[in-house]
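**Student:** Dropping the structure in here first, questions after.
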Amino acid sequence: MQRFLGQKTASCFQRCVGMDAFNSVFSITYEIDQKHNTKYHEKFRSFMEYVQEKDLTVDGAMTDPKGDRSLPPHKQEGEDLFLKIVERRKDV
């Protein structure tokens, strides 16, 4: 089913993205709390424990900017949104 959804949506939405998000939020909330004396990390840890206790799955979604879907990437208006070749070198 995930392969089918990936083909239909052209997006990554699998669990690895959710785990990456959890790791990032864990670290960032800790740093924010240290700097601003807030309670975000404590709240996040409570949520994370809830997810673990209920055996829930945390997913995420990664998408790329699409712009004008009738145009290929090299013809998009926002040239810095896509990979572009700025120089070709033989010594690399």
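The values are calculated or read from the model by the stated rules, or taken from the named source; none is laboratory data. What you see is a predicted model; the values in this text were computed from it and never measured. Virtual Cβ from ideal backbone geometry, glycine too; neighbours counted across all protein chains shown.
**Student:** Taking the stated definitions as given, is Q7 over 16 Å from the mean Cα position of the chain (by Cα) and at pLDDT 80 or above?
**Tutor:** no
**Student:** Being modelled with pLDDT of 95 or more, within 26 Å of Q2 (Cα to Cα), over 18 Å from the mean Cα position of the chain (by Cα) and not charged (D, E, K, R) is the requirement here; does Y50 meet it?
**Tutor:** Criteria met by Y50.
**Student:** Identify the residue in segment 60-92 that is closer than 19 Å to K8 by Cβ and hydrophobic (A, V, I, L, M, F, W, C) and, among all such residues, is modelled with the lowest pLDDT.
**Tutor:** M62
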